[in-house]
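Every number in this text was worked out from the coordinates using simple rules, so none of it is lab data. Note that the structure is predicted; figures quoted are calculated from it, not measured. A quick note on method: Cβ atoms are made from the backbone with ideal geometry, for glycine too, and the neighbour counts reach across all protein chains shown.
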Amino acid sequence: MPYVRHTMMTFDPSNYNSIMSIADSTREAITGWSGLISVRAVRVADNRMIVTGAYVDKAAADANVENTRTNFGKTGEFMTEPPVQREGEVIWSYDADDQSA
């Protein structure tokens with residue numbers, strides 16, 4: 001069953017470009033993560049974003065925890081609060097053809 005992990009990050013808005021630079025630098029690395037379906041980042045406030053990683057199942061999500069820390073952990077220096085994480089199995093979805101940005 002597909003599995004997602006949502007991470008809410010609160011950061012100093014003056015560091016937004018630095019955070020996005022780190023995210024952009026991970027594109028090549030994440031293509032090799034086994035079981036990763038997609039990653040989406042949504043800026044929900046001037047100082048906050050929610051990053052969602054979708055995986056084929058919970059085992060794949062758990063297997064990629066260290067990859068996530070290695071590649072996205074660098075954003076931690078820009079956070080003003082500890083990240084908030086929620087995760088679980090996908091119980092309903094709809095996807096149009098290709099929603100990639």
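How tilted is helix 16-25 with respect to the longest principal axis of the chain? Cα atoms for both, answer in degrees (0 to 90, nearest 10).
40 degrees
Which value in nm describes the separation of the simple spin-label points at Asp62 and His6, placed 7 Å from the Cα toward the beta carbon?
2.3 nm
Gain in length, Ser38 to Glu89, computed as 0.36 nm per residue apart minus the alpha-carbon separation, to one decimal in nm?
Full extension of this stretch gives 16.9 nm more.
With θ set to phi - 60°, apply the Karplus curve 6.51 cos²θ - 1.76 cosθ + 1.60 along segment 65-78 and write out the HN-Hα couplings as whole Hz, x wherever there is a Gly or Pro.
4, 5, 4, 4, 4, 5, 8, 9, x, 5, 6, x, 5, 9
Per DSSP H run of n ≥ 4, the term is -39500 (n - 2.57); total these for the chain, divide by its residue number, and report the mean residue ellipticity at 222 nm rounded to 500 deg cm²/dmol.
Helix contribution divided over all residues of the chain: -7000 deg cm²/dmol.
Restricting the count to DSSP beta bridges whose residues both fall in segment 3-89, what percent are antiparallel, rounded to a multiple of 5?
Percentage antiparallel, nearest 5: 100.
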